């Protein structure tokens with residue numbers, strides 16, 4: 001059966017549709033939209049969820065496309081293997097999309113920010129979208145001191161989080177203090193007097209514990225959140241890509257300073273997460289950065305969260 005809609009019948013049909021139904025697209029509308037899509041995804045700046053009595057908010061502090069992903073991931077595998085794994089995961093091999101995802105944890109008594117993105121503008125913009133001002137932050141936790149994690153600490157006018165104290169791993173701070181690194185000198189060193197150092201197992205606040213995952217950097221830390229009988233782990237840069245790093249923990253990553261150590265940390269910590277079925281926030285996982293890890297073959301599988309954190 002064919003159906004021809006006259007203007008009158010189309011209007012009648014539109015009147016009968018629920019108010020929430022989308023408007024009918026005409027050929028003219030489609031033609032107008034063609035060629036005007038954003039090259040990057042049009043994404044919200046934050047995602048909020050509950051974890052027991054905690055409120056956890058992931059922040060999109062930046063996203064960009066990066067060419068030649070095998071120049072970064074899977075450096076110790078041949079091109080055919082990289083191509084096969086990528087094809088099975090529906091991924092192109094000429095470009096990757098990077099995400100930068102700091103996280104705010106509101107414990108009810110403190111507002112704690114984990115990492116600060118690439119720049120002051122990126123982190124303050126994402127915080128503002130989520131309803132926070134820099135002055136609302138009580139503690140800033142730096143998981144490690146690569147530039148995309150410390151970039152928002154200091155701006156042209158000085159310190160961004162003027163009401164905050166700062167926490168990082170002792171081994172991490174010791175390493176960069178002895179390195180000739182401009183990022184550390186410009187972003188961290190001016191705040192040294194406000195930093196507290198902790199070790200593996202150290203406490204940021206009640207229910208927030210450091211878990212050493214060294215290798216990506218000498219003192220790289222992940223953090224376990226626990227509230228109301230629920231857990232979540234902030235894995236930072238333990239795995240930098242959901243397929244080319246997390247799924248294949250032995251694949252070498254250019255940014256891992258100790259590649260063997262980073263692979264060992266991935267296997268250990270991801271194995272624990274998978275066994276305990278703990279949700280994660282990954283700093284470089286696809287936005288909004290929240291998901292689960294399942295054991296698969298000799299590696300793991302990333303399972304993006306859907307509605308689990310709403311329940």
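Here the extension length gained between residue 311 and residue 78 equals 79.6 nm, from 0.36 nm per residue of separation less the Cα-Cα distance.
If you take all C-alpha pairs in region 128-231, what percent of them are over 18 Å apart? Across region 128-231, Cα pairs with separations above 18 Å total 50 percent. Taking the C-alpha atoms only, the angle from helix 79-88 to the longest principal axis of the chain is near 50 degrees. Spin-label pair residue 109-residue 63: with each label point 7 Å from Cα along the Cα-Cβ axis, the two points sit 3.7 nm from one another.
If I stretch the segment between residue 230 and residue 87 completely, what's the gain in nm (0.36 nm per residue apart, minus their alpha carbon distance), one decimal? Spell out each step's value before the answer.
Numbers: separation 143, 0.36 × 143 = 51.48 nm, distance 3.58 nm.
Length difference between fully extended and current span is 47.9 nm.
Under the criterion of Cα pairs below 8 Å and six or more residues apart, the relative contact order for the chain equals 15 percent. Here the residues 154, 145, 310, ranked from fewest to most Cβ neighbours within 10 Å of their Cβ, fall in the order 310, 154, 145. Report, in degrees rounded to the nearest 10, the 0 to 90 angle that the Cα long axis of helix 7-16 makes with the longest principal axis of the chain. Result, in degrees: 50. Among beta bridges identified by DSSP and lying wholly in region 42-310, the antiparallel ones come to about 75 percent.
Summarising the label geometry, the points placed 7 Å from Cα in the beta-carbon direction at residue 193 and residue 44 lie 4.1 nm from one another.
Convex hull volume per residue, computed on the Cα atoms of the chain, equals 198 Å³.
Computed from Cα atoms, the angle from the helix 259-276 axis to the main principal axis of the chain rounds to 60 degrees. On the principal axes of its alpha carbon atoms, region 53-97 extends 47, 22, 20 Å, with the longest extent given first. Extending 7 Å from the Cα toward the beta-carbon at both residue 162 and residue 274 defines two label points whose distance is 4.8 nm. As a proxy for reagent exposure, 307, 302 were ordered by neighbouring Cβ count within 10 angstrom, fewest first; the result is 307, 302.
When 139, 84 are sorted by how many other C-beta atoms sit within 10 angstrom of their C-beta, beginning with the fewest, the order is 84, 139.
Laboratory data are not the source of any read-out in this text; all were calculated from the coordinates shown. Given the structure is predicted, the values throughout are model-derived calculations rather than measurements. Cβ atoms come from the backbone with ideal geometry, glycine included; neighbour counts cover every protein chain shown.
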